[in-house]
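Asks: Just passing along the structure, written as structure tokens.
The values are calculated or read from the model by the stated rules, or taken from the named source; none is laboratory data. On a predicted model such as this, the values are computed, not experimentally measured, just so you know. For neighbour counting, all protein chains shown are included, and Cβ atoms are generated from backbone atoms with ideal geometry for every residue, glycine included.
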């Protein structure tokens, strides 16, 4: 028997930094990832897909958001989808699970809302395979949500597969956080052949026979692990150490980039680097760029043209933090305002303010850049 | 720029074509009287140069002649840079513009653009391209309307920029003022896109602020709805839990079993109560039977005892009755003796009373005699006074005059005296002093002797004074009123006499005396009446006479007895009667004791008889009852029945006791209460279940409505909207801060630079100023306004403090200097002055003419004036505005 392990779909997630167009694309791709997972499972002969919590991003999604993932899964009637609640969509009255319980879901979609073992079938050797779900009925459950797995009775010789959502104790978890903490040796203590976990968005092995699949479509920068975008194909369930093989299903790649800019060459290099993140499909790349350094008016214009306008248009999204980028004003720049006269005087006044320590320092620098730009457009002084 | 010809048609007052021809370089003078149209000419020049032909503003409509809807049409030919330009504009009706420059024709907007370029205002300010706003350009300083020449030209930003550009050209672009002006304009425009006139956000900036606020409000609203939803969800969980608890079928079964048990218990209690009642009733019946038999036996025993007692009592009562009869006989005898004594005493009392009556009669006769004597004396006195009153009354009635008569007499005498005095006052007074006697005959009266010596004769009528031995002197008084007075005196004397005669009196004194006597008589009469009243009393003399008649004694009574003997006999009779009465009282009192003894004896006898008879009746009744009872049931039979009843009672009591010991616990009331309680509890539970189900349905409905909305998703969407708006606000805020700082910095730098670059302009004004005010210099501010005038190095006079004439002259010099600077920088310029220099004195006027003539060597100047002498002195080339030749 083969299983596909995934989690943290977080359907309906909002991306506040993104513009409306990008937001729509990002949200659509999270849904399309379900199709890719289904196709992978079908291709790999995995009849069961385990979704380890956080199917939805919120406890009160809209009706369309509520139904969309179900409708995607409905397209695979030959697959069994096993879903449990996560901390984003805990099983609460009126929550998405409650609403689906009332409205009903296709038979191939199994909502595990009680901590009771459920049979998945048998492996090739005929050993029964049972699923042991942990259920979060609140956003933050005190204690170990998987504790009940120890007492869950299964037939003798059964292969026990755990499915849970939370942080593994001692595995990057906050020691002060006392909720949704899963024992690091849960698989061993509960006799699990495999423990499929959700919560971490980057694919990670959290212990013996214990894996975080990560989110199938990356939803942020710095997500840890592989950064997300993968699912795990689990096989060899009867062996002491089942195989968990990552398969990429994500559409987008999220990158954090840093650059120090002082001149045109570095700007050009940065543009090259950004475009090189995915030369075939830069529109699948989102970048959070942090720049620092100092640029003169010409370089500012170059930065605008090559990075903001150029690379920014090629990438799916380019988020720039330029708080560390200061305007550099050279004598030659001020010379463009004339050797004397009102413009030169104004430029020097602003330059002095920008070089000072006043609260207006940053505003003055911007005003100086603006002055130089306007003067240049107006024509050479004199 | 040199103007050559100007043609006007249908323009304001000119409703037919007019033409200004022959304009030359240098100074041109158009002299014409007031109302000729000089200011209209200047307006036409402005219109053709600066108004767009397609404009239809109120100003343009104001160009039409007062009568007729026609098209104002203007043509201007001018030279610039050696090229002749012909411009024609038609307004309002089929508006058009045509400019032919060096053989190249421009039509419509192209003509306007070309013209603007020639005027140097195209790139600077399209907004200034109309006559109303051309004042903002430097042309506002060069085309000077009537009355405008008195003050300095008001320079708009555009004009200042133009001047700055000229100064820069002179300074070799050192000031940067022109570029600064353009940048400032750009910055102002960008700021103006974000802030309104009061510095408040507008358009995109304002919209971002409103968007942020709206999103925040929406988030708050959604969060509140989510909170309510969570409350509903919690309430739903609780309601479902309560329903699951209370709707347990086991609870129903338990409730039904408890209720059935309670009802069975109540039935058992009811059966027990019935049986107990019946057993109790049986015991009661047996007890009653025993009691009835006991009562009958008691009655029989009591009856036997009563018969025995009755016999003993009868014997005693018979003896007591005989004793009573004896006592009654003795008491009656004693009473009869007492009554005989009492009757004797009553006879003695009657005899004493008769004796007293006789004695009292004799004493009364003696008292009447004494009173009659006193009355008789009073009557005699009263009769005397009555006689006196009658005499006095007769005298008073006969006396004259009476009271009315004396009053009439007094008034008549007074009138007579008055009339006579009046007559005498009119008398002729004759004073004589005769040495011999004489007589005087007055008015025919008897002569009166007049003794010798001085005398006064008062003559009221004709008189004759006869002097013995000498003769007579006749005197006739001459009073006019004398006759009337004399008649009055005679009338009053006659009336007095008549009254006196009626009263029987010789004169008034006699009448007064008779009146005094009358008063005396009245007084005496009053005294006599008082004396009569005192004697006769209040009832009068007649009553007195009757009293006396009544008391007058009979002849038998006239014999008077001895009063002392009479009183002694009377006292003795009274004493005897008193003694007899006391004896009668004592006798009567002595009867009471025998009467009481007799009554007591009789009462005892009657009582003894009654008691005896009663006992005899009881004996008869008791004997009859005993006989009847014995006949009904013998005493032995009754005793046997009593024993049987006692045995039955014991058996029933034992049965009742056994029933009580076997009774179930509690009472029917308690059982009823338990049943009611259980039924109520069940009803309450059912009601609670119903309420819970309703609550759940209601909550589920409300939750379902809110669920579908997807509150979390909406909140996320609104948060995103808020964040976007906040970023836009931050961007706009930063942009405003940048632009504001840039604007302020540019303004400060521009002012500073202008202050440094004013020197060329001051230099332009200098030569003109020296010609007019030797040794003087002016100070300019950064806006090219003259602020003050210094003479011979002495600081001081502010421009506003100078005289009107001096201010106008200096302002014209400044305009000349502006035109000089424009020309020097290759820009078009000419100057038009309408009715300027009105306040200049002759010397200043001459020097101003010299200055204008000098400037005319560098620029074209058109002077419009209504003063011929001024035009003549100014010289220059005279031009005329004339109707166009047909």
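Asks: Given the criterion over 21 Å from residue A:248 (Cβ atoms) and either out of contact with any helix residue (DSSP H, G or I) (no Cβ under 8 Å at 6 or more places or on another chain) or surrounded by fewer than 18 Cβ atoms within 10 Å (Cβ to Cβ) (or both), identify the matching residue among A:56, A:97.
Replies: Just a single option satisfies the conditions, and that option is A:97.
Conditions tested, residue by residue: (1) within 30 Å of residue A:19 (Cα to Cα); (2) at pLDDT 85 or above; (3) in a strand (DSSP E or B).
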residue: A:320; (1), (2), (3): yes, yes, yes
residue: A:334; (1), (2), (3): no, no, no
residue: A:362; (1), (2), (3): yes, yes, no
residue: A:366; (1), (2), (3): yes, yes, no
residue: A:370; (1), (2), (3): yes, yes, no
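Asks: Quick test for you: out of A:69, A:93, A:119, A:106, pick the one residue that is under 22 Å from residue B:707 (Cβ atoms), modelled with pLDDT of 95 or more and over 25 Å from the mean Cα position of the chain (by Cα).
Replies: A:106
Asks: Mind listing whichever residues of region B:732-746 are facing another protein chain (nearest Cβ under 9 Å) and either out of contact with any helix residue (DSSP H, G or I) (no Cβ under 6 Å at 6 or more places or on another chain) or without any contact (Cβ under 8 Å) to a residue 12 or more places away in the chain (or both)?
Replies: B:734, B:735, B:737, B:738, B:740, B:741, B:745
Asks: Residue by residue through region A:59-81, note down the ones that are assigned to a strand (DSSP E or B) and surrounded by fewer than 23 Cβ atoms within 10 Å (Cβ to Cβ).
Replies: If the condition is that a residue be assigned to a strand (DSSP E or B) and surrounded by fewer than 23 Cβ atoms within 10 Å (Cβ to Cβ), then A:80 is the only one that fits.
Results for (1) out of contact with any helix residue (DSSP H, G or I) (no Cβ under 7 Å at 6 or more places or on another chain); (2) away from chain A (no Cβ under 11 Å), shown as yes or no for each residue.
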| position | (1), (2) |
| --- | --- |
| B:692 | no, yes |
| B:697 | yes, yes |
| B:700 | no, no |
| B:703 | no, no |
| B:709 | yes, no |
| B:719 | no, no |
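Asks: Report whether or not residue B:863 is surrounded by 13 or more Cβ atoms within 10 Å (Cβ to Cβ) and more than 26 Å from residue B:802 (Cβ to Cβ).
Replies: no
Asks: Answer with yes or no whether residue A:309 is over 23 Å from the mean Cα position of the chain (by Cα) and closer than 27 Å to residue A:17 by Cα.
Replies: Working: over 23 Å from the mean Cα position of the chain (by Cα): yes; closer than 27 Å to residue A:17 by Cα: yes.
Yes: the conditions hold for residue A:309.
Asks: Identify, please: which residue in region A:354-382 is closer than 22 Å to residue B:754 by Cβ, within 8 Å of another protein chain (Cβ to nearest Cβ) and touching a residue at least 12 places away in the same chain (Cβ under 8 Å) and is, among those, surrounded by the fewest Cβ atoms within 10 Å (Cβ to Cβ)?
Replies: A:382
Asks: Assuming residue B:729 fulfils every condition listed in (1) more than 13 Å from every other protein chain (Cβ to nearest Cβ); (2) closer than 30 Å to residue A:64 by Cα; (3) buried (at least 16 other Cβ atoms within 10 Å of the Cβ) apart from one, which condition is it?
Replies: All conditions are met except number (2).
Asks: Being away from chain A (no Cβ under 14 Å) and exposed (fewer than 13 other Cβ atoms within 10 Å of the Cβ) is the filter; apply it to region B:222-253 and report the residue that is farthest from residue B:705 (Cα to Cα).
Replies: The extreme case among them is B:253.
Asks: Checking the conditions here, which among A:279, A:241, A:302, A:251 is closer than 25 Å to residue A:20 by Cβ and at pLDDT below 95?
Replies: A:251
Asks: While we're here: Among residues belonging to region B:766-785 that are closer than 14 Å to residue B:809 by Cα and touching a residue at least 40 places away in the same chain (Cβ under 8 Å), point out the one that is surrounded by the fewest Cβ atoms within 10 Å (Cβ to Cβ).
Replies: Taking the candidates together, the pick is B:771.
Asks: Of all residues in region A:337-351, count the ones that are facing chain B (nearest Cβ under 8 Å) and modelled with pLDDT of 90 or more.
Replies: So the count comes out to 3.
Asks: Evaluate the following for residue B:189: is it more than 18 Å from residue B:751 (Cα to Cα), assigned to a helix (DSSP H, G or I), at pLDDT 90 or above and more than 14 Å from chain A (Cβ to nearest Cβ)? Quick ask: steps written out before the conclusion?
Replies: Details: more than 18 Å from residue B:751 (Cα to Cα): yes; assigned to a helix (DSSP H, G or I): yes; at pLDDT 90 or above: yes; more than 14 Å from chain A (Cβ to nearest Cβ): no.
No: the conditions fail for residue B:189.
Asks: Report the residue count in region B:853-872 for those that are in a helix (DSSP H, G or I) and out of contact with any helix residue (DSSP H, G or I) (no Cβ under 6 Å at 6 or more places or on another chain).
Replies: Of all residues in region B:853-872, those in a helix (DSSP H, G or I) come to B:853-855, B:868-872.
So of that shortlist, the ones also out of contact with any helix residue (DSSP H, G or I) (no Cβ under 6 Å at 6 or more places or on another chain) come out as B:853-854, B:868-872.
Selection size over region B:853-872: 7.
Asks: Need a quick list: strands (runs of 3 or more DSSP E) entirely within region B:763-808 having at least 1 residues that are more than 15 Å from residue B:851 (Cα to Cα) and out of contact with any strand residue (DSSP E or B) (no Cβ under 8 Å at 6 or more places or on another chain). Outline the logic, then answer.
Replies: Working: elements: B:776-780, B:786-791, B:794-798.
Once the strands (runs of 3 or more DSSP E) in region B:763-808 are filtered for at least 1 residues that are more than 15 Å from residue B:851 (Cα to Cα) and out of contact with any strand residue (DSSP E or B) (no Cβ under 8 Å at 6 or more places or on another chain), what remains is B:794-798.
Asks: Kindly indicate which of A:38, A:62, A:12 is in contact (Cβ under 8 Å) with a residue 24 or more places away in the chain and more than 14 Å from chain B (Cβ to nearest Cβ). Walk me through it before giving the result.
Replies: On the way: A:62 fails: more than 14 Å from chain B (Cβ to nearest Cβ); A:12 fails: more than 14 Å from chain B (Cβ to nearest Cβ).
None of the other options fit; the residue is A:38.
Asks: To continue, here is another question. Residue B:118 - would you say it is out of contact with any helix residue (DSSP H, G or I) (no Cβ under 9 Å at 6 or more places or on another chain), farther than 19 Å from residue B:761 by Cβ and at pLDDT 75 or above?
Replies: yes
Asks: How many residues does region A:122-143 contain that are within 26 Å of the chain's Cα centre (by Cα) and either surrounded by 20 or more Cβ atoms within 10 Å (Cβ to Cβ) or modelled with pLDDT of 95 or more (or both)?
Replies: 4
Asks: Look at region B:152-180 and say how many of its residues are modelled with pLDDT of 75 or more and either closer than 25 Å to residue B:730 by Cβ or facing chain A (nearest Cβ under 9 Å) (or both).
Replies: Qualifying residue count for the region: 2.
Asks: Further question on the same structure: Given B:631, B:651, B:627, B:637, which one is in contact with a helix residue (DSSP H, G or I) (Cβ under 9 Å, 6 or more places away or on another chain) and either at negative phi or surrounded by fewer than 16 Cβ atoms within 10 Å (Cβ to Cβ) (or both)?
Replies: Just one listed residue meets the conditions, B:651.
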